[in-house]
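Below: one structure, written as structure tokens.
The values are calculated or read from the model by the stated rules, or taken from the named source; none is laboratory data. For clarity, every value in this text was computed on a predicted model and none was experimentally measured. Reconstructed Cβ throughout: ideal geometry from the backbone, glycine too, with neighbour counts over all protein chains shown. Keep in mind that these areas ignore ligands, DNA and RNA; they rest on the heavy atoms of the full protein, side chains included. Shrake-Rupley method; radii C 1.70, N 1.55, O 1.52, S 1.80 Å.
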Amino acid sequence: PEPQREAWKRNQIASFTDKDGFEKEVVRHVETTLARSMFNCDEIAAYSATSLAFRDRLITHWNKTQQRQTYVDSKRVYYLSLEFLMGFRIEDVVKQEHDAALGNGGLGRLAACFLDSLATLNFPAWGYGLRYRYGIFKQEIIDGYQVEVPDYWLDFNPWEFPRHDVTVDIQFFGQVNKKTTGGRTISVWEGGEIVRAVAYDVPIPGYDTPTTNNLRLWSSKASGGEFDFQKFNNGDYESSVAEQQRAETISAVLYPNDNLERGKELRLKQQYFWVAASLYDIVRRFKKSRRPWNEFPDQVAIQLNDTHPTLAIVELQRILVDIEGLEWDAAWEIVTGTFGYTNHTVLPEALEKWPVGLVQHLLPRHLQIIYDINLFFLQSVEKAFPSDREILRRVSIIEESQPKMVRMAFLAIVGSHKVNGVAELHSDLIKTTIFKDFVEIYGPDKFTNVTNGITPRRWLHQANPRLSELIASKCGGNEFLKDLTLLNQLEKHIGDKKFRKEWAEIKYANKVRLAKHIKDTTGVVVNPASLFDVQVKRIHEYKRQQLNIFGVIHRYLTLKAMTPDERKKQLPRVSIFGGKAAPGYWMAKQIIHLINSVGAVVNKDEDIGDLLKVIFLEDYNVSKAEIICPASDISEHISTAGTEASGTSNMKFVLNGGLIIGTCDGANIEITREIGESNIFLFGNLSEDVEDLRHAHNYGSHTIDPDLDKVFNEIEDGTFGNPHDFSAMIAAVRQHGDYYLVSDDFHSYIETHQLVDEAYRNQDGWIAKCITSVARMGFFTSDRCINEYAEEIWNVEPLAVDRRSF
Ligand code: Z2T
């Protein structure tokens, strides 16, 4: 009723609309919620009160969004991701908050950008993930080596809401028994152990809209309450504590591998725990509407972020057949109508496979269902391709190896209605290589491409407020943050001298800020007038940080060989690296060590001075990226062609007015198409030639590039410390077939860096390139991605919002 509504509105605590109102709310929280006086309000109290004031308003919008989505009951999207690399932070207000680092790299950050776009575009959508107690480790560099330190981030997180009433009991182990009831035989999964999933919700506000979606993270705890008092009273204290610890272990830690799967039992437990809790939640919500089961895919779209949540396919089939009593075929139609699968890599070591024995032990009923799915699938293949025994072996969900393995990507394809890659080249590659047979079986329409994107709200407006403001002044205000194609209006201002000058000043100021960060964290003084050359991303041989550092050594040797007069004509450069190595990835750690060892020599070489500095930034993460991306002149995206599915930092750097040097790989190709070939520095062999080159290395005579050879000789002479430390990196190229084509691409890489130097000398031309590139980056917003997924895969529409009702 209207009078009550008005009264309720007046009583709303979060009523601020301006700065003064906001300040009042902060003071109110300091004095009441925290029971402190403003006179002894320290940083932590200020931080707490500030976030609580924001939070109040967030909650109101959040509740209304959820009520409205429930009331309208239109189709919802569920984004299942084992990683969300959020990075919440109120920068510069206080340094209290740190990243919610629940992810490794690109895959988790993509999920976070997607949540931002889903809310901004008013889609009814939920994210589901795991509430790790420990996110990605903190990296320290000690004596040039990476040391991992646990990241305990849950101390005080004002953005999460425990839902102790939203719990799901998850079963593991046990056995399957057949039971006949009413003439029908059903499978019953019994025994084993139960772990309880507790929901923690994080509000996800959209930009310039009241829509506030939900990210639900599951935390594990023992199902028997605190501990088993029976056992406790019987004196079996230890085993009751052990049970509790075993349960809590499930959501204890994020596996720190990027593009690698190691097949650990605990990882499979994490996956099932999260998937089963999420599906229970989704099904529970669907059942409230009392619709018939065949309408499930009209109400629910579930996107699988890589194969990590693939068990969701099996779990939904199990719920429908074993619990809800549907026929197999009817259930399977619902399942395949519900799921979409996104592939993020073609690297063989990253494709998930689980030993059949492990699945059998942990999830006995699921293994039976997987076998049945496979049986029906192979029967249909046999029908379509009679007398082709080979294709059956190749596409079987069960790999007939020793031990037998469940191929999760194949299961994901068979159980979904759409499969997509994340950039054009990548989507073509999966269709012609790892999933070729499936294109034959299902036809090409099941496979599609959605090129990745990034949210301009975080990666431009928040990370680079001055540039965002300058752009707004030329593009008709902040609308471009919601329609990034409006950036194209910048092009008509390229001739405007004052505009170019302001642009250059902002870049310089961002470089000064990074230079200060470098000084504060490494002690090295860098000249902000130098060309800042940045490679920040996970350390991986395929991403080729080794190519970069070998190139840096080559530059150092070239400078050393010059006369002082020649040196004076050279362009000063700062080579900046950052990124974590998976703790078990020995070679990646050696690469970090080499970078630091080169820095230690070069940075104190008085012949060189400002001409070359080599920096390794410790603990690269989302909040550091927000400082680094706006400060680069050129960034490196130099993976072996065909190995980087998309890359997304390439987009972040260009959007912030930096140019890139890169290979014809992933989204670099589409960036080139958009911004024009003259605005990017491409080099190296093409994806279609990689196989032949590798073959030639192994079966022909393998000659190393002579300039690279000189670099190797210098390392072996001990110029950068004990050469033994780096012998494996050199041997990988010289003796072990140079799988990543470092030598093949070296010459082209060095030459292209020469072109970079030349282009940078012409500052006016350089800035024109930067502005042109930014103007043409509209395509790479994650808003465009979400609209494509909504249209092509999910068949969902945004929910119109009435701002007045908020
Ligand atoms: C990851 O970050 C990516 C792919 C993975 O495949 C796993 C992880 Cl943790 C299983 C990255 C890709 O390497 C990168 O090219 C891409 O841009 C990103 O996912 C988002 O699609």
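Beta bridges from DSSP with both residues in the chain: antiparallel share about 45 percent, rounded to the nearest 5.
For the chain, taking the reciprocal of the average inverse distance between every pair of different Cα atoms yields a Kirkwood hydrodynamic radius of 28.5 Å. Kirkwood radius, region 33-191, all distinct C-alpha pairs, inverse of mean reciprocal distance: 19.9 Å. Helices that extend 20 Å or more along their long axis by alpha-carbon positions and average at least 0.5 on the Kyte-Doolittle scale are, among the DSSP H runs of the chain, 106-120, 586-602. Amide H contacts under 5 Å for N213: I204, G206, restricted to partners 5 or more places along the chain or on a different chain, H placed in the peptide plane at 1.01 Å from N.
Taking a ≥ b ≥ c as the square roots of the eigenvalues of the alpha carbon gyration tensor, region 310-357 is oblate, as a/c is not under 1.5 and a/b does not beat b/c. In terms of its alpha-carbon gyration tensor, region 298-389 comes out rounded; the largest-to-smallest axis ratio a/c stays below the 1.5 threshold. Over the chain, Cα pairs under 8 Å with separation of 6+ residues give a relative contact order of 13 percent.
When the chain is fully extended, how far beyond the present Cα-Cα distance does R761 get from S187, taking 0.36 nm per residue of separation?
199.3 nm
Give the carbon-plus-sulfur fraction of the accessible surface of the chain in %, rounded to a whole number; probe 1.4 Å, heavy atoms of protein chains only. Show your work: numbers first, answer last.
Details: 16970 of 33110 Å².
The nonpolar share, carbon plus sulfur, comes to 51 percent.
Could you work out the percent of alpha carbon pairs in region 702-789 separated by over 22 Å, rounded to a whole number? Tail of the P(r) past 22 Å holds 56 percent of the pairs.
Output the relative contact order of region 347-460, whole-number percent, from Cα pairs under 8 angstrom with separation of 6+ residues. Across region 347-460, relative contact order equals 24 percent.
Proximity of backbone amide H atoms, modeled 1.01 Å from N, is registered between H540 and Q545 at under 5 Å, excluding neighbours fewer than 5 places apart on the same chain.
Mind checking the full-extension length gain between D689 and S380? Use 0.36 nm per residue of separation minus the Cα-Cα distance, one decimal, nm. Could the numbers behind the result be given before it?
Numbers: separation 309, 0.36 × 309 = 111.24 nm, distance 3.56 nm.
The span from D689 to S380 would gain 107.7 nm if fully extended.
So which trypsin sites (Lys or Arg not before Pro) in region 552-620 end up in coil per DSSP with only 13 or fewer other C-beta atoms within 10 Å?
On the way: sites: R555, K560, R567, K568, K569, R573, K580, K589, K604, K613; in loops: K569, K580, K604.
Here the trypsin sites (Lys or Arg not before Pro) that fit, given the DSSP loop and packing criteria, are K569, K604.
When the P(r) is computed for region 559-601, the part past 12 Å accounts for 71% of the Cα-Cα pairs.
Of the cross-linked pairs K497/K569; K507/K537; K543/K624; K543/K580, those separated by over 24 Å at the C-alpha level are K497/K569. Computed 3J(HN,Hα) for region 386-392, one whole-Hz value per residue from the Karplus formula 6.51 cos²θ - 1.76 cosθ + 1.60 where θ = phi - 60°, is x, 6, 10, 5, 4, 5, 4, glycine and proline marked x.
Just for region 276-435, what percent of DSSP beta bridges are antiparallel, to the closest 5?
Details: 5 of 12 bridges.
If we restrict to bridges inside region 276-435, about 40 percent are antiparallel.
The helix-based estimate of mean residue ellipticity at 222 nm for the chain, built from -39,500 (n - 2.57) per DSSP H run of four or more residues and divided by its residue count, is -13500 deg cm²/dmol to the nearest 500.
Taking a ≥ b ≥ c as the square roots of the eigenvalues of the alpha-carbon gyration tensor, region 421-544 is classed oblate because a/c is 1.5 or more while a/b is no larger than b/c.
Accessible area per residue for the chain, computed on protein heavy atoms with a 1.4 Å probe, is 41 Å². Once C-alpha pairs closer than 8 Å and six or more residues apart are averaged by separation and normalised to the residue number of region 542-654, the relative contact order reads 34 percent.
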